[in-house]
1. Return the pair list, or none, for Cβ contacts closer than 8 Å from residues in region 170-195 that are more than 25 Å from residue 252 (Cα to Cα) to residues that are among the basic types (Lys, Arg) and open to solvent by 30 Å² or more (accessible area, probe 1.4 Å), at least 6 apart or on different chains.
2. Could you please find all residues in region 243-284 being open to solvent by 80 Å² or more (accessible area, probe 1.4 Å) and touching a Leu at 6+ places or on another chain (Cβ under 9 Å)?
3. Check whether at least one residue in region 403-419 is part of a loop (DSSP other than H, G, I, E, B), under 27 Å from residue 333 (Cα atoms) and not aromatic (Phe, Trp, Tyr), and report yes or no.
4. Helices (runs of 4 or more DSSP H) wholly in region 285-398 with at least 1 residues that are open to solvent by less than 10 Å² (accessible area, probe 1.4 Å) and within 22 Å of residue 234 (Cα to Cα) - which ones?
5. How do the pairs read when you match residues in region 60-78 that are more than 23 Å from residue 388 (Cβ to Cβ) and among the charged types (D, E, K, R) with residues anywhere that are at pLDDT below 95 and not in a helix (DSSP H, G or I), using Cβ under 6 Å and keeping only pairs 6 or more apart or on different chains?
6. What are the pairs, 6+ residues apart or on separate chains, where a residue within region 395-412 that is under 17 Å from residue 189 (Cβ atoms) has its Cβ under 9 Å from a residue that is hydroxyl-bearing (Ser, Thr, Tyr)?
7. What tally of residues in region 85-122 results from selecting those that are touching a residue at least 24 places away in the same chain (Cβ under 8 Å) and in a loop (DSSP other than H, G, I, E, B)?
Amino acid sequence: MKMWASSSFFFFVGLLCTHLSPVSARIGASDSGRTQPTERISGSAGDVLEDDPVGRLKVFVYELPSKYNKKILQKDPRCLNHMFAAEIYMHRFLLSSPVRTLNPEEADWFYTPVYTTCDLTPNGLPLPFKSPRMMRSAIQLISSNWPYWNRTEGADHFFLVPHDFGACFHYQEEKAIERGILPLLQRATLVQTFGQRYHVCLKDGSITIPPYAPPQKMQAHLIPEKTPRSIFVYFRGLFYDVGNDPEGGYYARGARAAVWENFKDNPLFDISTEHPSTYYEDMQRAVFCLCPLGWAPWSPRLVEAVIFGCIPVIIADDIVLPFADAIPWEEIGVFVDEKDVPNLDTILTSIPPEVILRKQRLLANPSMKQAMLFPQPAQPGDAFHQVLNGLARKLPHGRSVYLKPGQKILNWTAGPVGDLKPW
């Protein structure tokens with residue numbers, strides 16, 4: 001593990017180590033009794049983050065045959081722990097949530113519980129190839145058995161689509177762009193981890209959420225709160241994906257390769273492809289944690305950095321971050337353009353200590369951490385509630401949501417021929 005080495009940083013190190021501690025509160029629970037200095041988000045963002053959605057909307061949960069959800073999970077319980085698991089936990093949360101209504105006539109929103117990412121390879125990666133047919137099948141079912149889809153063609157329905165590129169249902173960007181969003185979901189609200197401005201796989205009105213990171217696992221790796229942050233920049237992960245990008249330059253648009261080529265020997269950078277058992281502990285000892293794009297712009301590192309109070313360094317041009325209307329990412333993180341990666345050391349060492357300290361105080365705010373998690377059981381202000389807040393802010397529905405008698409907008413035969421096959 002590399003420690004800060006430059007003598008010019010001695011004062012800086014002493015200042016930060018005195019004031020910045022990793023995490024002093026239990027993850028996913030109340031932070032009463034914490035001693036780490038915190039700072040509340042000022043203005044409307046702080047108010048939005050602490051909104052309570054109960055009483056502001058009602059959600060009807062369709063009861064689908066178990067082949068769309070529970071049986072898939074029974075076949076492969078690994079789905080409970082991967083970064084795409086939000087679709088499972090959101091379903092469980094809604095079943096017991098006070099916003100749920102059993103009377104669809106009074107519902108503001110309709111939710112269809114389909115586990116489209118729970119088809120895993122032996123290595124635990126989701127295969128999206130059946131997902132479009134599975135989603136089409138579920139929509140055909142609800143449109144045949146209930147009248148609510150047909151009156152809006154899904155404009156008052158929301159779906160969890162936590163794939164790499166959301167409802168484009170492919171893990172390779174070129175093919176995801178070629179596919180586009182599943183035509184039957186064009187009017188629905190999509191709740192997805194993928195967020196990138198000006199991208200065909202992110203449509204207007206989508207709600208961007210954090211990927212799932214297991215709260216209990218992170219809780220088990222907390223270290224004493226007075227532990228100094230002795231690592232300046234930290235990253236663990238791939239720099240090249242030789243298997244899928246043998247010529248290089250396409251994976252992460254070359255940004256990760258640039259990190260390695262420029263800073264592998266820099267003593268301020270603790271970077272490696274190795275993923276040690278002390279990964280979570282190391283993040284709590286770091287001041288900055290790199291969160292570069294990979295095949296998609298998002299990754300669980302963003303969640304982990306916020307939880308462990310490590311300032312996220314976001315390297316992903318045009319990324320749309322989770323709950324951006326509630327979390328002040330510009331204030332808690334550092335944004336670096338992909339083209340500026342070779343200057344990363346200069347950029348980070350130029351940030352004044354007082355700016356770093358303020359970012360740390362904001363990160364220490366318990367409401368900030370809570371909003372990034374899907375805990376079991378749910379907690380006020382967590383990611384479940386932030387999704388509901390996002391849905392509540394879209395109400396009341398405008399006139400354009402409801403179709404006129406006989407009006408049709410969606411094309412049920414659009415899309416790749418393979419998607420039209422029965423599931």
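1. So the pair list comes out as 186/203; 189/394.
2. Listed by number, the residues that qualify are 253, 273.
3. From region 403-419, those part of a loop (DSSP other than H, G, I, E, B) are 403-416; that's our starting set.
Retained after the next criterion (residues that are under 27 Å from residue 333 (Cα atoms)): none.
No, the conditions are met nowhere in region 403-419.
4. Numbers: elements: 301-307, 329-332, 344-349, 353-363, 366-370, 383-392.
Per the criteria, 301-307, 329-332, 344-349, 353-363, 366-370.
5. 76/120; 78/120; 78/124
6. Qualifying pairs under 9 Å: 397/152; 401/152; 402/152; 403/152.
7. 17
The values are calculated or read from the model by the stated rules, or taken from the named source; none is laboratory data. Keep in mind the model is a prediction, meaning the values are calculated, not measured. Ideal geometry is used to build each Cβ from the backbone, glycine not excepted, and the neighbour counts take in all protein chains shown. Side chains are part of the model used for accessible areas, which takes the heavy atoms of the whole protein and leaves out ligands, DNA and RNA. Shrake-Rupley method; radii C 1.70, N 1.55, O 1.52, S 1.80 Å.
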